[in-house]
Amino acid sequence: MPLADGITMRIAVEDDAEALADAFTRNHEHLRPSSPRRDESFFTADGQAARLRDQLEQWESGRMVPWVLTGGERILGTVTLSQIVLGPWRNAHLGYWIDAGHAGRGLTTLAVRSVCRTADERLGLHRIEASTLLENIPSQRVLLGCGFTRIGMAPDYLHIAGAWRDHLLFQRVLNDRPVA
């Protein structure tokens, strides 16, 4: 689906491994403060191929949706809905990142809005949860601009950049439909 001039968002495929390795390598320093420590194999095509196989297996089983943002042959970011749970909860976790050269242009906001529509209209989810580091103001702006509300702070929530880090928690309730 088109997001902006020349930039699209689509489901990831195994053939994206090399482009993802390039994107993560190109953005290594940009993503370092908000990412877990990564083994060097993560930044290789083989490492990304293994990661994609796992994500696509989860997608096929309905537990995850992995999207990539592309500009031509380049991957400019990813968005995922993970830990999808149906039944009475109908919930998922949102994660995303954008290429350093495209940050601040509104692409992440467009992508998150699109994911929220898909989660509501196609996946039948009720709620999406997201978290940010306390100091990640740009990501918090994306979430708030996409209708998320802050619901709390979780101490020592994720192991990021070599330490357990506090995170702000956000949610967006997509609808109030009864569970089918």
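Descriptive notes on the structure:
- Close amide-amide hydrogen proximity is noted between Ile160 and Arg165, each under 5 Å apart and 5 or more residues distant or on a separate chain (H modeled in the peptide plane; Pro and chain starts excluded).
- Antiparallel %, DSSP beta bridges [both residues in segment 2-173], to 5: 90
- Overall form of segment 14-61 per C-alpha gyration tensor (a/c, 1.5; a/b vs b/c): prolate
- Neighbour net charge for Arg32 - beta-carbon separation under 15 angstrom, K R +1, D E -1: -1
- What the phi angles of segment 122-132 give under the Karplus curve with 6.51, -1.76 and 1.60, with θ = phi - 60°, is a coupling list of 9, 8, x, 7, 9, 8, 10, 10, 9, 9, 9 Hz, glycine and proline written as x.
- Cut-off 13 Å between beta-carbons: net charge of the residues surrounding Gln55, Lys and Arg +1, Asp and Glu -1: -2
- Cβ-defined net charge surrounding Leu94, 12 Å radius [Lys, Arg +1; Asp, Glu -1]: +2
- Stretch gain in nm, segment Ile151-Ala45, where the contour uses 0.36 nm per residue and the Cα spacing is subtracted: 34.4 nm
- With the convex hull drawn around the C-alpha atoms of the chain, the volume per residue stands at 115 Å³.
Where a number appears in this text, it was derived from the coordinates with a stated rule and is not lab data. What you see is a predicted model, and the numbers here were worked out from it, not measured in a lab. Reconstructed Cβ throughout: ideal geometry from the backbone, glycine too, with neighbour counts over all protein chains shown.
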